1. From the list 91, 67, 41, exactly one residue is in contact with an Asp or Glu (Cβ under 8 Å, 6 or more places away or on another chain), of a type in the set (Gly, Ala, Ser), assigned by TED's automatic domain parsing to the domain that holds residue 169 and not in a loop (DSSP other than H, G, I, E, B). Which is it?
2. Which of the residues spanning region 104-120 are more than 10 Å from residue 35 (Cα to Cα), in a loop (DSSP other than H, G, I, E, B) and not small (Gly, Ala, Ser)?
3. Across region 318-372, what is the number of residues that are acidic (Asp, Glu) and modelled with pLDDT under 55?
4. Give the number of residues within region 40-65 that are aliphatic (A, V, I, L, M) and surrounded by fewer than 21 Cβ atoms within 10 Å (Cβ to Cβ).
5. I'd like to know if region 7-16 contains one or more residues that are closer than 14 Å to residue 116 by Cα and surrounded by fewer than 18 Cβ atoms within 10 Å (Cβ to Cβ).
6. Can you say whether residue 124 is of a type outside the set (Lys, Arg) and part of a loop (DSSP other than H, G, I, E, B), as far as the supplied structure shows?
7. Among the candidates 83, 36, which residue alone is assigned by TED's automatic domain parsing to the domain that holds residue 173 and either modelled with pLDDT under 90 or crowded, with 21+ Cβ neighbours inside 10 Å (or both)?
8. Determine which single condition residue 80 fails, assuming it passes every other condition in (1) of a type in the set (Lys, Arg); (2) free of Cβ contacts under 8 Å to residues at least 24 places away in the same chain; (3) not in a helix (DSSP H, G or I).
Amino acid sequence: MNDDATTPPDRLPSLTFIIPVMNEEESLDELFTRIREQADAHSRWWEIVFIDDGSTDSSWEVISRIAEENPAQVQALRFRANRGKAAALHAGYREANGELVFTLDADLQDDPTEIPRFLEKLAEGFDIVSGWKKTRHDPWHKVLPSRVFNKMLSKLNGVQLHDHNCGFKLYRRDVVKALPMYGEMHRMVPSLASIDGFRTAEIPVQHHARKFGHSKYGVKRFLRGFMDMWTVFFLKNYRERPLHLCGGISVAAVAIGALLWGASLFLPTSAASIALATALPLSAAVAVLLMGIGFLMELQVSHKQDGARELPVTERIVADRRSTKAANGRKVIEINVGNRGARKSGTALVLEDDHSIRWLVASYLEKAGWEVRKAASVGEAMGIADEEIDVAFVDIHLPDGDGISFLEEFGHLAPGARAIMLSSETDIHVGVEAIKAGAFDYLTKPVRPDAVTGIARRALNTPAQRGRRAAGAAALLEA
């Protein structure tokens with residue numbers, strides 16, 4: 001990476017710092033000051049996202065004051081109750097606007113002066129840079145289990161790091177937007193990211209003893225981490241083919257049962273031989289059950305793969321559309337290789353009165369190459385809906401009407417467009433009624449990026465929509 005002192009400001013990256021907070025009132029002012037010193041020197045603009053994870057001290061009051069004094073640099077979210085670090089990070093990921101995203105703890109054990117070294121390492125072509133607390137200032141009963149856990153995780157999931165647990169990390173933004181973050185999966189970030197081919201590097205970092213407060217982690221986290229480790233192993237190796245795992249266990253169970261049954265044939269009749277003889281039918285029953293579970297999981301995977309999961313693409317070749325004469329004399333569109341860049345998938349309308357959901361759905365679509373129009377009410381949507389819209393996401397409940405009633409009028413304004421209804425979990429029956437009224441499908445809130453882009457793509461690729469777009473393209477070329 002070039003020396004930031006000589007790098008033009010417009011060439012420096014934009015940075016987001018995501019900081020989960022749980023009862024850290026005494027450290028927040030110093031942490032903000034130290035981050036600001038580094039961010040001003042090494043970015044063209046920056047922001048901090050504080051997530052108060054149900055603090056019971058005055059952490060939120062301190063965060064609020066910092067945000068009020070620095071409105072251009074600070075965002076803050078507050079949970080009603082403690083939801084855990086993974087939930088806090090997930091909320092922060094959604095708010096991140098920087099090209100590069102740092103995560104670090106609020107307890108001042110992570111040193112912001114390491115920020116330039118993270119940036120230098122990422123510039124070598126990695127997607128994630130993880131800190132390694134080579135010299136730790138923690139009690140032995142916390143350090144020893146952590147080292148054992150890290151060795152096991154590196155061996156099992158193939159991502160060789162000394163310190164998977166370190167909260168001081170740097171990501172490219174597309175990594176955090178793609179990561180599933182739930183439960184306690186924040187410890188598994190490099191392993192989860194490796195599933196989609198993101199590359200992780202590691203650098204030793206300074207680790208300071210706590211100045212204030214006390215650790216929030218206990219011995220129980222290592223047992224939970226062990227369970228999560230196997231979850232990631234399953235996701236990495238069998239997410240798209242669960243029947244292979246269930247089938248392998250079934251074969252092993254039958255083989256063991258057959259061996260035990262065979263052994264019973266050479267033993268005199270006794271309680272032990274009878275018990276061994278029952279091993280084969282029992283193992284066969286277990287195998288049938290596992291195979292049935294495997295088939296059900298395969299059906300679920302197949303359903304989700306019907307355009308649902310958006311795979312990460314590192315580069316894209318954009319089609320260069322040139323009109324030619326077909327053999328029948330009609331003009332068609334010939335697709336040739338053009339420049340790299342974003343490709344327009346279609347035009348979508350997002351009609352949702354909740355600002356955060358409207359913004360979220362729109363951002364998912366825009367990242368997938370859609371042109372998006374947004375409306376907060378039926379009246380606003382009526383003013384921007386026209387025949388160019390291909391797909392509409394419509395909330396069931398709106399301030400000046402309801403989504404189902406909007407469908408008929410929308411059909412006149414955007415003939416052939418497909419409507420997808422947005423409903424809460426308790427309104428699923430309303431979503432079904434919407435389909436009966438002509439909606440293409442429905443989604444329940446909260447929405448996931450893969451679900452939004454997947455259902456939009458399916459709606460766009462229905463035979464009617466393909467014919468509609470082809471007719472529009474032909475008319476444009478004739479003109």
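The values are calculated or read from the model by the stated rules, or taken from the named source; none is laboratory data. In this text the structure is predicted, and so the values were computed from the model without any measurement. Every residue, glycine among them, receives a Cβ derived from its backbone with ideal geometry; neighbour counts consider all protein chains shown.
1. Just a single option satisfies the conditions, and that option is 41.
2. Of everything in region 104-120, those that are more than 10 Å from residue 35 (Cα to Cα), in a loop (DSSP other than H, G, I, E, B) and not small (Gly, Ala, Ser) turn out to be 104, 105, 107, 108, 109.
3. 2
4. 1
5. Among the residues of region 7-16, at least one is closer than 14 Å to residue 116 by Cα and surrounded by fewer than 18 Cβ atoms within 10 Å (Cβ to Cβ), which makes the answer yes.
6. For residue 124, the condition - of a type outside the set (Lys, Arg) and part of a loop (DSSP other than H, G, I, E, B) - is met.
7. 83
8. Of (1) of a type in the set (Lys, Arg); (2) free of Cβ contacts under 8 Å to residues at least 24 places away in the same chain; (3) not in a helix (DSSP H, G or I), only one is false for residue 80: (2).
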